[in-house]
Each structure stands twice: as structure tokens, then as C-alpha cells.
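Take this structure, written in C-alpha cells, and hold onto it; I'll ask about it next.
Every read-out reported here was derived from the displayed coordinates using simple, explicitly stated rules and does not represent laboratory data. Worth saying up front: this structure is predicted, and the values here are computed from it rather than measured. All Cβ positions, glycine included, derive from the backbone under ideal geometry; neighbour counts span all protein chains shown.
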Ligand SMILES: [Zn+2]
């Protein structure tokens, strides 16, 4: 499976659609769609547009995942372009590394919404690297931010789980 296939599969499951149901909506057989999700076949750009519409995704993101080297982002700013590209790729590499499971509570999609968070926040000097990134569900992310904001870090399951020195979080 590749990042594009993962993105489509997870987004489809979040919407509660079977392969057959999504396939019907975009005029594709469930086996063809399954091949796209497994990364066996490369979908055309027009097909990606249909998938994006059905799953309420940004087509730019799917295009970028399908071809990370493409310069399809509509900006002349090469730095911005590279930044968007690296964030998108990093997010999916982290999801794949973490098996699409919240690393604090163990919930997975589609029962929860997963996000990629920084282990050490940007505001405290954390970098946007894969090593400093982690998959969390939205609840754990909110809880973590609340803990961080109150500095009640002793009870933070996230901090315990990763054995992080709480002094790292305190100015
Ligand atoms: Zn969680």
C-alpha cells in the first residue's frame, strides 16, 4: 500500500462507504478501486478528482500523494511548494509508521479522527521531522494540549508513554 491508497482507504472508511459503494459513485468496479487502494494501479487525474469529490478531500492533496514530485500546487513560491509537499508526505509516513493507531490510547480510524502532532511543540522548538511526529486521535490531542497549557504534565499519558522529560515542555 502507498500513501495515496492509505489516504483513500481511510477516508472511504471514515465515510462508512464500502469499496463497492464508492466504486459505484465514481463509475469504477470495486476490484479496480481496491487496486488503487493497494497501490497496485495508478489512477488517472480525472479519477482522482472524482474520488476527491466523493470523499470531500482536496484533489491537490491526492495528486500530490500520487506523484510527490509533481509541481501541481498553484503557487510560484518554491519554498511554500516544498513546505506543503514535505508536510503532506511526512503526515502519511507517520500514519504508516504508527499503523494508523493513536499512540496514546490505541484507537484507530474510522472510530476516531487521527491527526499527526509534534511530540515537542513548534512553540518549544520542536522540528517538523518524522522523528518528532506522532499519530494521535483528536481527543488525545486536545487532552495533551490542555495538559501542556496547564503544565499538568505528570498525568499526561502521552508524556508517560514516550518517557519524555517534562522539563522539555516548561519554559
Ligand atoms: Zn487517543
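Between residue 2 and residue 29, what FRET efficiency follows from the Cβ-Cβ distance if R0 is 22 Å, with the result rounded to 0.05?
0.65
If each residue of separation counts as 0.36 nm, what is the full-extension length gain between residue 58 and residue 139 once their alpha-carbon separation is subtracted?
Stretched out fully, the residue 58 to residue 139 stretch lengthens by 26.8 nm.
Just want the ordering: 47, 22, from fewest to most Cβ atoms lying within 10 Å of their own Cβ.
47, 22
For 98, 139, what's the fewest-to-most ordering of other Cβ within 10 Å of each Cβ?
Listing 98, 139 from fewest to most nearby Cβ atoms yields 139, 98.
Taking 0.36 nm per residue of separation and subtracting the Cα-Cα distance, what length does fully extending residue 111 through residue 13 add?
34.3 nm
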